[in-house]
Amino acid sequence: YVKKEQMPLLLDYIAKLSLALAVVYIFYALFLRRLTFYNWNRWYLLGYTAFSFIMPLIDIMPELQRKELDKINLLTWIPSVRVARMVDEKPFFQSIGLWDWVLILLFMGALFLLIKLVIKFYSFKKMKKSARLISGEQTKIYQLDADITPFSYGNAIFINKEKHTDEELQEIIMHEFVHIKEKHTFDIIWSELLCIINWMNPFVWLLRKAIKQNLEFIADDKVLQNGYDKSEYQYLLLKVMGNHRFSFTNHFN
């Protein structure tokens, strides 16, 4: 019979990681998304996406053997395959197998997304240099003379105050201050790294959207708890809808 090439350990790990992250999102979408426990949802999304990197390393075979589950037909049917090694050396490209090409594709995709994120971050730093600091306390507020959606990153808020009334600015700053106080930038960066590492998994992109959306729920909830009118706040959200220049920032959304 023809021996099949065994899947490399790295690809096996990535496949299990993809499955674990898919389960995390499906559970969130089915059972948690509609609940208003936004902070609990935040820690669920952070904690279980991080735990997904550990799950593939857990060996359950000893437990299966203890309960004699390793002898079921499905497991015994799966063949144990090994790579047949040739003594004669082959040209480089002829020696690359199918799994090697899959790894190269995954690496190139991750590298492309990483470079794209670095370029965006460089663009953000360049834009920050052109911004004017209008408040330099613990939370810094920058004025940008551009048609932008208000956003925050780290401990800084970026707005164009000429586009908003004093009441609107107060609500916007309150919203973005929640992002800063609760360090939501970490969640955003984590979601971007998840997409870089596991970019081929559609559930990871859904997780990134869920993480960002839940952070907005947290900020909105805090603003409304401070006594702002819900209807006026909804109109403000509709007013400032627009394109988001930087995926790694918290936009007023």
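Structure summary
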quantity: Charge dipole magnitude, Cβ of K and R +1, D and E -1 - segment 120-253, Cα centre, debye nearest 20; calculated: 760
quantity: Gap separating the Cα centres of segment 163-187 and segment 97-112, nearest whole Å; calculated: 40
quantity: Apportionment of accessible area to carbon and sulfur, segment 109-162, percent (1.4 Å); calculated: 56
quantity: Accessible surface, segment 105-150, averaged per residue in Å² (probe 1.4 Å); calculated: 70
quantity: Signed unit charges on C-beta, dipole axis of segment 176-243, positive-most listed residue L207, M241, Q225; calculated: L207
quantity: Accessible-area ranking of D59, D147, largest first, probe 1.4 Å; calculated: D147, D59
quantity: Average accessible area per residue (Å²) across segment 176-253 - probe 1.4 Å, nucleic acids and ligands excluded; calculated: 51
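The values are calculated or read from the model by the stated rules, or taken from the named source; none is laboratory data. In this text, all values refer to a predicted model and were calculated from it rather than measured experimentally. Backbone-built Cβ (ideal geometry, glycine too); neighbour counts: all protein chains shown. For the accessible areas, the whole protein counts, side chains as well, though only heavy atoms, and no ligand, DNA or RNA atoms are used. Shrake-Rupley method; radii C 1.70, N 1.55, O 1.52, S 1.80 Å.
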